[in-house]
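Q: I am attaching a structure below and will ask some questions about it afterwards.
Every number here is computed from the coordinates shown, using simple stated rules; none is lab data. Because the structure is a prediction, the values reported are computed rather than measured. Glycine also receives a Cβ, built like all others from the backbone with ideal geometry; neighbour counts cover every protein chain displayed.
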Amino acid sequence: MKKILTAWLLGIPALLSAQHSLQSGLNMFRAGDELIKQQVGYKDPGLAGAGVLWDFSRLETVNEEYALAYSTSDDSLITGTEHLTRYHYALQNDSLLLWGFNNQTTRLQHVQPELLLKFPVNYGDTVKTHYYAHGKYSNRLEMDVLGTIETGADAYGTMVLPGNDTLQQVLRTHTVKQMVEDIRPINDSYYDKLKSPPVISPDSIDQRLESDSVLFVVETFRWYEKGCRYPVFETVRSWEQRRTDSESDSNSESESEFLSTAFFYPPQAQKPNKTIKNK
């Protein structure tokens, strides 16, 4: 029994060394970085847990040059620009927050931001917050978006890449974002909320998520290799969940998928003096 216990204890350092943590100084977006990632076909994210093997050696390329760039502005936010959309982030007390986004048709500003990550991120960590955003669509419709976002580091292990390159120290995060929307023609309330934004309590947001007939869900997995600032791989899937009241089944639900895609960030492109350009 003593030999078994000793062997088990000796194995713990090796197990722990196979994972790493995300740090704000090493994994926070950096202004001036420009990346070219590859959009690929959706890939099943696979298992959660310790010592997982993910085989991503075969990927179907959709877009070989999907550009992503980061910059700063006078308000000290870091802006990530991709697919004609600008996302506005800030790092506050080791919390990575999303404060809104805008493109040619939509502008949303968060009154209560989304907490994306709380550094450092270690295997097993989970954070969940409520958020509320207000904005407009096409200068005609007022939008209120509220919900929850939960992120956990749910797995670590080894990843096989195209060309059979193998990454030994990979940490995966899993994010689930739930939201409901209110959309109406722009009227005086839109401008009133710009001047004096309301604060919505977590209980009120939870009640809306439980009672609304239409719920939107976005699920994102990201894989990080030790030594790379940005993810190596990312999957995104979103769907609409509809609830219907019926006498036969009061909890009847149906789902309609909007999007399922994935992105590959070649790790060699994240090394110094490669395709990441830091101005």
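Q: For the chain, what is the charge dipole size about the Cα centre, in debye to the nearest 20, if Lys and Arg each add +1 at the Cβ and Asp and Glu each add -1 at the Cβ?
A: My answer is approximately 1320 debye.
Q: Can you compute log10 of I(q)/I(0) for segment 40-100 with the Debye formula, treating each Cα as one identical point scatterer, at q = 0.17, 0.19, 0.27 Å⁻¹?
A: Evaluating at q = 0.17, 0.19, 0.27 Å⁻¹ gives log10 I(q)/I(0) of -0.84, -0.88, -1.02.
Q: In addition: Projecting each Cα onto the charge dipole of the chain (Lys/Arg +1, Asp/Glu -1 at the beta carbon, about the Cα centre), which of Phe29, Ser201, Trp239 comes out farthest on the positive side?
A: Result: Phe29.
Q: For the chain, what is Rg from Cα atoms divided by 2.2 N^0.38 Å, rounded to two decimals?
A: Cα Rg divided by the expected 2.2 N^0.38 Å: 1.12.
Q: Do the sum for the chain: with -39,500 (n - 2.57) for every DSSP H run of n ≥ 4, divided by all residues, what is the mean residue ellipticity at 222 nm, to the nearest 500 deg cm²/dmol?
A: Calculated mean residue ellipticity at 222 nm is -4000 deg cm²/dmol.
Q: For Ser189, project a label point 7 Å along Cα to C-beta. Then give me every residue of segment 137-166 with its amide nitrogen under 14 Å of that point.
A: Within reach of a label on Ser189: 141-146.
Q: Then there is this: State to the nearest 20 debye the size of the charge dipole of segment 13-129 about its Cα centre, where the only charges are +1 on K and R beta carbons and -1 on D and E beta carbons.
A: Its charge dipole is roughly 240 debye.
Q: Then there's this: Please compute the net charge surrounding Leu59, taking Lys and Arg as +1 and Asp and Glu as -1 over other residues with Cβ under 14 Å from its Cβ.
A: -3
Q: HN-Hα J couplings of segment 98-113 from phi, Karplus 6.51/-1.76/1.60, θ = phi - 60°, integer Hz, Gly and Pro as x?
A: Those phi angles translate into 9, 10, x, 7, 8, 8, 5, 10, 10, 9, 10, 10, 7, 7, 10, x Hz.
Q: Hey, what do the phi angles of segment 57-64 turn into as Karplus ³J(HN,Hα) couplings, whole Hz, using 6.51/-1.76/1.60 and θ = phi - 60°, x for Gly and Pro?
A: Going residue by residue, I get 6, 10, 10, 9, 6, 9, 8, 6 Hz, with x marking Gly and Pro.
Q: Net charge within 11 Å of Leu161 by Cβ-Cβ distance, Lys/Arg positive one each and Asp/Glu negative one each, not counting Leu161 itself?
A: The answer is -2.
Q: Additional query: Taking the Cα centre of the chain as the origin and placing charges on Cβ (Lys, Arg +1; Asp, Glu -1), which of Val217, His20, Leu116 is farthest toward the positive end of the dipole?
A: About the Cα centre, the residue reaching furthest to the positive side is His20.
Q: Hey, how much of the P(r) for segment 108-175 falls beyond 13 Å, as a percent of Cα pairs?
A: Counting pairs separated by more than 13 Å, the tail of P(r) holds 72 percent.
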